[in-house]
Amino acid sequence: MYFHFGFYSDLETSHCLIWALHNLAVPMDASTSGTSSVQYHNIAEQPIATIVTSPVSTFQRQVRHCFGNETPGEFPLSANPSIVLHVLTGCNLDPQDLSTLEASVYLLGLPANFAPDNELSLAELAALDMCRKRAIFKPMTLEQRQDLKERCGGSWKLVLRFLLAGEACSRREKSQAVAGPGHSVAVSSKGVVYSFGSNSSGQLGNGTIEEEWRPHPIRSLQGIRIIQAAVGAGRTMLISDTGKVYAFGKDSFGEAEYGVQGNKVVTTPQLVESLKDIFVVQAAIGNFFTAVLSREGRVYTFSWGNETKLGHQTEQADLEPRPLLGALENIPVVQIAAGYCYLLALACQPGGMSVYSVGCGLGGKLGHGTRTDEKVPRLIERFQTLSIQPAVVAAGAWHAAVVGKDGRVCTWGWGRYGCLGHGNEDCESAPKVVEALSNVKAVYVATGDYTTFVVSDDGNVYSFGCGESSSLGHNTDAVEAQGNRHSNVLFPEVVTSLKQLNERVVQISLTNSIYWNAHTFALTESGKLYAFGAGDKGQLGVELSANQTERAIPERVDIDLS
């Protein structure tokens, strides 16, 4: 059997490669007598005995070479490890596949004697090479890379898993839209930011406090590439590709609980000085606090610092970022999600993915089987019982959801209006599988104020929960004629209004605040943005008639995010 490098560029063919390496790779020692080989172009033909009995020196093998200058011929995998390394890297194998191969194929577990570390195995070097392709990894210094490696468990395969998990569960460096309380932000794949809606605190970042329904780019950010946006009540935060954080809008937190009134309104993006020494890759805004995630997987929070809240011995107005105490101090996190008064963190551990929660436990939304508060992050143990590897986490105002690697969906927390999808309005204090979605393989989940959306791998979108302000997308003309435009949905239902678009939806964003009527965004694979729900402040990005306050049917927003 022969293989030609370049054929293995997708998941299906990479499985063929794994099978081939299992069956064709031979031990790299003089006693090997196997004849298995792989055919490559431009590799000189040599007798295997000559190669095996004349080992390549460490000095010569500092150079990874895959092509020679002579005619094609057969070449044993054990004779030139650089070919195997090149194939492993080029096929973008999953870290789990690399681990399996390293454990079962003798050749892949041997020291490869290649730079930058002669002691690394071929599987480890392939993982390191793939890490180097990631945008977040590229600017890191050697010291920072080594620190990340130790934080992830001492293996480049685990670092690769950490990086890939972070890319998979968020739209980092891809187009995205955020449906905030009263205003909205959209980010193109090129890093251009558009804002529209309510602007009483300058949260649109356009230098004014005037409401605007038309999406406009924030011109003061010209030359800065934004990779992620977070939106809260009256405030906006943006993360650049260099890890810098820009904020604008209201400068205070917790007005509803503490009666604190900010005395400063910021109408254009300003660099957050307190975060300048932290390379930030994600931000999440709760009602009383903000959380940011560093490139190394560390979580920092500021504001709402009472010790009974997020474990910080500070005042609620403290704006200094504080690393989360407790279990997550030495565990890398790939995604954070903030709800009304709590925080979820998707963590990457050597044994698999896990979810931690901290904050207010009202309604059981922390997922520990109780309704008590947690002042430091605590592991949600139910996923182990359910044999679910969490892949995406979402924190609604009062309930939460997770999509597992196997496509199952779990929800928990306050079940009002049917937002948990279990057919009732009961609370669930621990994650529970949504049985109504048992025949659906989910890839994405979004939660808001008593609403939930699920995106399946076949492109269908399901929603359930509170039907107020037409934000579930089920309000077709037929439903409106029956007078049920705001009916609640207790079980997941396909959003037919999105199915009719004939566009694959890749992201859903919901308003996640108890103080505003909700609206919803659906972003398609081609970069088209559709909006529906409440639009009384211009937050839909589409023009409404004089007496209209919402849109029941998804309408295209006039911006291209591709």
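Let's see how each residue does on (1) closer than 16 Å to Val455 by Cβ; (2) part of a strand (DSSP E or B); (3) of a type in the set (S, T, N, Q); (4) not assigned by the TED database to the domain that holds Ala230:
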site	(1), (2), (3), (4)
Gln384	no, no, yes, no
Val392	yes, yes, no, no
Ala397	no, no, no, no
Ala400	no, yes, no, no
Val403	yes, yes, no, no
Tyr417	no, no, no, no
Ala430	no, yes, no, no
Ala436	yes, no, no, no
May I ask you to say which residue of Gly351, Gly339, Gly297 is over 23 Å from Phe279 (Cβ atoms) and either modelled with pLDDT of 90 or more or among the aliphatic types (A, V, I, L, M) (or both)? Gly339
Would you pick out the residues in the stretch 106-151 that are open to solvent by 60 Å² or more (accessible area, probe 1.4 Å) and of a type in the set (A, V, I, L, M)? Leu142
Would you mind finding the one in Leu324, Leu366 that is touching a Ser or Thr at 6+ places or on another chain (Cβ under 8 Å), modelled with pLDDT of 90 or more and surrounded by 18 or more Cβ atoms within 10 Å (Cβ to Cβ)? Leu366
Sole residue being open to solvent by 20 Å² or more (accessible area, probe 1.4 Å) and within 18 Å of the chain's Cα centre (by Cα), chosen from Ser189, Ser240, Ser220, Ser200: Ser189
On the given criteria, is Ala103 closer than 20 Å to Gln507 by Cβ, in a helix (DSSP H, G or I) and open to solvent by 60 Å² or more (accessible area, probe 1.4 Å)? no
Against the conditions (1) touching a helix residue (DSSP H, G or I) at 6+ places or on another chain (Cβ under 7 Å); (2) without any contact (Cβ under 8 Å) to a residue 60 or more places away in the chain; (3) open to solvent by 10 Å² or more (accessible area, probe 1.4 Å), where does Gly351 fall short? Just the number, please. (1)
Find all pairs meeting these conditions: Cβ atoms under 6 angstrom apart; at least six residues apart or on different chains; first residue within the stretch 193-217 and within 14 Å of Ala233 (Cβ to Cβ); second residue part of a strand (DSSP E or B) and open to solvent by 20 Å² or more (accessible area, probe 1.4 Å). Ser201/Lys250; Ser201/Val265; Gly202/Val265; Gly202/Val266; Gly202/Thr267
Determine which single condition Val84 fails, assuming it passes every other condition in (1) aliphatic (A, V, I, L, M); (2) open to solvent by less than 40 Å² (accessible area, probe 1.4 Å); (3) at pLDDT below 70. (3)
Is it true that Leu98 is modelled with pLDDT under 85 and not in a loop (DSSP other than H, G, I, E, B)? no
Expected single match for of a type outside the set (S, T, N, Q), in a helix (DSSP H, G or I) and closer than 20 Å to Val433 by Cα among Gly363, Gly369 is Gly363
Exactly one condition in (1) open to solvent by less than 30 Å² (accessible area, probe 1.4 Å); (2) in contact (Cβ under 8 Å) with a residue 24 or more places away in the chain is false for Lys405; which is it? (1)
What is the residue count in the stretch 515-562 for residues that are open to solvent by less than 60 Å² (accessible area, probe 1.4 Å), out of contact with any helix residue (DSSP H, G or I) (no Cβ under 9 Å at 6 or more places or on another chain), of a type in the set (A, V, I, L, M) and more than 19 Å from Val192 (Cβ to Cβ)? 3
Scan the stretch 502-527 and report the pairs whose first residue is under 16 Å from Val542 (Cα atoms) and whose second residue is in a strand (DSSP E or B) and basic (Lys, Arg), with Cβ atoms within less than 9 Å and a gap of 6+ or a chain change. His519/Arg551
Can you find a residue in the stretch 227-237 that is touching an Asp or Glu at 6+ places or on another chain (Cβ under 7 Å) and open to solvent by 30 Å² or more (accessible area, probe 1.4 Å)? no
Residues (among the charged types (D, E, K, R) and not in a loop (DSSP other than H, G, I, E, B)) located in the stretch 152-192: Lys157, Arg161, Glu167
Filter the stretch 378-397 down to residues that are open to solvent by less than 50 Å² (accessible area, probe 1.4 Å) and without any contact (Cβ under 8 Å) to a residue 60 or more places away in the chain, then give me how many there are. 7
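The values are calculated or read from the model by the stated rules, or taken from the named source; none is laboratory data. Predicted, not measured: the structure shown is a model, and the values here were computed from it. All Cβ positions, even for glycine, are placed from backbone atoms using ideal geometry, and neighbour counts span all protein chains on display. Only protein heavy atoms, including side chains, enter the accessible area calculation; ligands, DNA and RNA are left aside. Shrake-Rupley method; radii C 1.70, N 1.55, O 1.52, S 1.80 Å.
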